[in-house]
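Reading through the structure tokens given below for one structure.
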Amino acid sequence: MTADELRVALRGVPDPDWLATALDRVAAEPTAIARFFPAAGRRCGRHDLPDLPGWTADEAARALLLASLPADHAEQAEALYRTGDAAEKRAVLKALPMLPIGTAGTPLLHDAIRTNDTRLVAAALGPYARHLDPAAWRQAVLKCVFTGVPLAAVADLDARADGELAEMLAALAAERRAAGRSMPADATELLDRLTAASQPQPREV
């Protein structure tokens, strides 16, 4: 996701002048983001963006505000996340891949994954989750299965899924079978793919 893509998707917001002014002010006066960030839902709307599946207008506007900061992206992102409501937290998480912060936003992912808010968990497993270490990432994927978050929300799922994750999913599937419960279809499909990939290929004769 890029700032240009967000701008294009936000062309039809109810108050484009407010958004343009907010972006200019934040670029010139970074502390102003504390005032504009919470107001984005009211000014830009909370509707889904047809050109950006999975994004709402307020999330996109807030991500643009963060991207417009001239400096201190990590500090501002953490402050806005810690003080924000659920919608504001999701926007921060979705903005992280756009910000020049390296791994500094990883603690926010850990916080989101610990919650029972499935939308926060999903937002935390976007592209920035590449900074999670393998063990934390596997646990986060398992959390998705437990809480019903579609695995389609997990960025780079097939690229990162490994034998250890397969073992964890297999153990969970066995537990659920013993309890008379089923696994989500997407988790079963992932386990099937991982199992098939681990099987030795027949030798050509």
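The values are calculated or read from the model by the stated rules, or taken from the named source; none is laboratory data. None of the values given here were measured: they were computed from a predicted structure. Neighbour counts run over all protein chains shown; Cβ positions are idealised from the backbone, glycine included. To get the accessible areas, we keep the full protein, side chains included, count just its heavy atoms, and leave off ligands, DNA and RNA. Shrake-Rupley method; radii C 1.70, N 1.55, O 1.52, S 1.80 Å.
Can you work out ³J(HN,Hα) from phi for every residue in segment 31-48, in order, using Karplus 6.51 cos²θ - 1.76 cosθ + 1.60 and θ = phi - 60°, giving whole Hz and x for Gly and Pro?
Result, rounded to whole Hz: 5, 5, 4, 4, 8, 7, 4, x, 7, 4, x, 6, 7, 10, x, 10, 6, 5.
Keeping all protein chains in the complex and leaving out DNA, RNA and ligands, what accessible area do you get for R62 with a 1.4 Å probe, in Å² to the nearest 10?
Roll a 1.4 Å probe over it and R62 shows about 10 Å².
Within the accessible area of segment 146-189, what % is carbon and sulfur when the probe is 1.4 Å and the other protein chains stay in place?
Details: 1340 of 2530 Å².
With neighbouring chains kept in place, the figure for segment 146-189 is 53 percent.
What angle do you read, to the nearest 10 degrees and between 0 and 90, between the alpha-carbon axis of helix 163-178 and the longest principal axis of the chain?
70 degrees
At 0.890 mPa s and 25 °C, plugging the Kirkwood radius over alpha-carbon pairs of segment 126-205 into Stokes-Einstein gives what diffusion coefficient in µm²/s? Numbers along the way, then the final one.
Working: Rh = 13.4 Å.
Using the Kirkwood radius from Cα pairs, D works out to 183 µm²/s.
Along the principal axes of its C-alpha atoms, what lengths does segment 1-95 span, in descending order and rounded to whole Å?
31, 25, 23
State to the nearest 20 debye the size of the charge dipole of the chain about its Cα centre, where the only charges are +1 on K and R beta carbons and -1 on D and E beta carbons.
Working: 23 positive and 28 negative charges, 93 e Å.
My answer is approximately 440 debye.
Can you pull the percent of segment 28-136's accessible area that's carbon plus sulfur, 1.4 Å probe, other chains left in place?
Details: 2470 of 4680 Å².
That fraction is 53 percent.
I want the local charge near M1. Using Cβ-Cβ distances under 11 Å, sum +1 for each Lys or Arg and -1 for each Asp or Glu among the other residues.
On the way: positive: K94; negative: D4, E5, E59.
Net charge in that neighbourhood comes out at -2.
Of L69, A40, V145, whose Cα points farthest to the positive end of the dipole of the chain (charges on the beta-carbon: +1 Lys, Arg; -1 Asp, Glu; origin at the Cα centre)?
V145
Using a cut-off of 15 Å between beta-carbons, work out the net charge of the residues near L190 (Lys and Arg +1, Asp and Glu -1, L190 not included).
Details: positive: R138, K143, R160, R176, R193; negative: D156, D158, D162, E164, E167, D186, E189, D192.
Net local charge, L190 excluded: -3.
In vacuum, with every alpha carbon of segment 49-183 counted as one equal point scatterer, what does the Debye formula give for log10 I(q)/I(0) at q = 0.10, 0.14 Å⁻¹? Two decimals, please.
-0.35, -0.65
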